[in-house]
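The values are calculated or read from the model by the stated rules, or taken from the named source; none is laboratory data. Treat the numbers as computed from the prediction; the structure is a model and nothing was measured. As a convention, Cβ positions derive from the backbone with ideal geometry for all residues, glycine included, and neighbour counts pool all protein chains shown.
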Amino acid sequence: MELKKRLGCLHAHYSNIEYIENALSPYNIELIHFVDPALMYRVTSDENFQEADAQTKVKEQIEWIAKCNVDAILITCTNYIAILQEDQLSISVPIIKIDEPFFDYICNIQQPQTILFTNPATVEGTVERLKQHANNHQKSLDFEVVVINNTFELIMRGLKEEYNQEISKFLNQIIKDGKKVISVAQLSMVDASQQVEYETSKTIINPLNTLVSSVVNQLELERINQ
């Protein structure tokens with residue numbers, strides 16, 4: 001019997017665990033979750049907490065996970081991804097970044113796009129990485145970024161239902177108002193986006209849809225290389 005591959009998952013919030021568990025449950029993968037919401041609190045609210053401090057913390061987290069006998073590491077927080085300095089890592093474990101398959105997908109769309117966020121602190125790093133990704137693949141993007149204001153604190157306080165309601169309300173409005181391709185950039189926005197997609201038959205791109213094949217392919221590659 002083929003042994004399960006072990007995937008270490010780094011999250012900024014506990015709510016992300018359920019998404020990954022559900023998405024990867026059909027596959028022979030053991031998931032080990034590591035959650036640290038405190039880093040995002042400090043990055044967004046502590047003026048004395050410098051970027052170099054954040055980079056050091058993420059480096060320590062990734063290297064700690066790598067020592068837990070995992071075959072790959074998945075980072076589900078786009079802020080963690082933006083902060084990470086891979087050239088400073090002393091590990092051989094491959095890192096899967098949740099936004100890269102997402103970037104691949106939206107970079108192949110030629111129509112105007114709207115990319116939605118709820119966490120303002122995530123926007124700059126994610127957009128910078130998206131632009132760099134498009135540039136590296138010689139892709140031209142026509143997109144606008146919209147932040148659903150005063151919403152992210154709901155999920156951080158554990159008010160998931162209220163959070164989803166706010167996202168759903170905004171998505172329904174933006175669907176009525178325009179014809180652009182819509183995507184949600186954060187994992188925490190997936191439930192609401194899928195519900196609205198089901199109710200309206202309007203496709204809403206999310207990072208989870210594009211992630212599964214990337215994870216499975218990476219772990220299969222690790223199996224072949226062993």
Filter the stretch 9-45 down to residues that are of a type outside the set (A, V, I, L, M), in a loop (DSSP other than H, G, I, E, B) and within 13 Å of the chain's Cα centre (by Cα), then give me how many there are. 1
Could you check the stretch 187-198 and list, in sequence order, the residues that are in contact with a strand residue (DSSP E or B) (Cβ under 6 Å, 6 or more places away or on another chain) and of a type outside the set (Asp, Glu)? Ser193
Residue satisfying all of: in the stretch 159-190; within 19 Å of Thr76 (Cβ to Cβ) and without any contact (Cβ under 8 Å) to a residue 60 or more places away in the chain; surrounded by the most Cβ atoms within 10 Å (Cβ to Cβ) among these: Ile167
Which listed residue is at pLDDT 90 or above, assigned by TED's automatic domain parsing to the domain that holds Thr126 and outside any helix (DSSP H, G or I), from Ser183, Ser193: Ser183
Identify, by number, the condition in (1) in a loop (DSSP other than H, G, I, E, B); (2) surrounded by 14 or more Cβ atoms within 10 Å (Cβ to Cβ) that Asn69 doesn't meet. (2)
Select from the stretch 75-130 the residues that are buried (at least 23 other Cβ atoms within 10 Å of the Cβ) and either assigned to a loop (DSSP other than H, G, I, E, B) or acidic (Asp, Glu) (or both) and list them in ascending order. Thr76, Cys77, Ile98, Asp99, Thr118, Asn119
